[in-house]
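Student: Dropping a structure here in structure tokens format, bear with me for questions.
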Amino acid sequence: MNAPCAAKTKLRDWLAAGAKERLTLVRDDFACGEFALTDLLFHSGSLTERLRQYWRSFCAYTGSFTPFSGWKIFWYRRAGMQIGKNVFISPGVSLDLLFPQLITLENNVVLGLEAIIVAHIYTPEKIVVARATVGAQGLVGGRGILAATHIGEKGVLGANSYTVKPVPAGYIALGVPAAMHKRKAATAKTPGEQND
């Protein structure tokens, strides 16, 4: 990829500006090459940029195959992910190999078995790149997929559910595509009450 590429320029500028808003790349932005992020990230740019990308992807890939949560967190942090305290990552979890630096897991987050979190979405017409965040005490259930969006504090993405829309704080998202439901407040039991 030798020709100047609008997609590469837009992506580089967006990342340099802090990646605050969603970035949408359309097919015309890729007139210089394939409609793929891998070409932009691994086969263009300076040697330093490409080596940094290879390192991030290697660390994220290694983290996905380690069996224990603590080891996963070790490797994912080296990939550039922001991970808070008391986070648990189950076996089989996959976190974005292309943009690990755009993933944030706040304190007390749980990622269920084989959950997936990515910071980019492909469609036939466009590629969207955005931060993916799980707020404090949030949960992504087993095989849940969070794609380029966020879960608010104490929010839940249910097992086998998929969302590209934000999950508000205190809500649970269920289904494909996920529908939002307000979580019921936990009721405190008095000392003499028994469980049913």
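Student: Within the stretch 34-48, can you find the residues that are touching a residue at least 12 places away in the same chain (Cβ under 8 Å) and either on the phi < 0 side of the Ramachandran plot or touching a Leu at 6+ places or on another chain (Cβ under 7 Å) (or both)?
Tutor: Phe35, Leu37, Thr38, Asp39, Leu40, Leu41, Phe42, His43, Ser44
Student: Report yes if Lys8 is buried (at least 19 other Cβ atoms within 10 Å of the Cβ), of a type outside the set (A, V, I, L, M), modelled with pLDDT under 95 and assigned to a helix (DSSP H, G or I), otherwise no.
Tutor: Answer is yes for this residue.
Student: Would the stretch 102-123 turn up any residue that is out of contact with any Phe, Trp or Tyr (no Cβ under 8 Å at 6 or more places or on another chain), under 30 Å from Phe30 (Cα atoms) and among the small types (Gly, Ala, Ser)?
Tutor: no
Student: Continuing with this model, one more query. Out of (1) at pLDDT below 95; (2) surrounded by fewer than 17 Cβ atoms within 10 Å (Cβ to Cβ); (3) not basic (Lys, Arg), what's the single condition that is false for Ala178?
Tutor: Failing condition for Ala178: (2).
Student: Exactly one condition in (1) closer than 21 Å to Leu15 by Cα; (2) surrounded by 23 or more Cβ atoms within 10 Å (Cβ to Cβ) is not met by Thr163; state its number.
Tutor: Single failed check for Thr163: (1).
Student: Okay, next question. In the stretch 41-51, what residues are over 18 Å from the mean Cα position of the chain (by Cα) and under 14 Å from Leu97 (Cβ atoms)?
Tutor: Phe42 - this is the single residue of the stretch 41-51 that is over 18 Å from the mean Cα position of the chain (by Cα) and under 14 Å from Leu97 (Cβ atoms).
The values are calculated or read from the model by the stated rules, or taken from the named source; none is laboratory data. Quick caveat: nothing in here was measured; it's all calculated off a predicted structure. Here the Cβ is made from the backbone with ideal geometry for all residues, glycine too, and neighbour counts use every protein chain on show.
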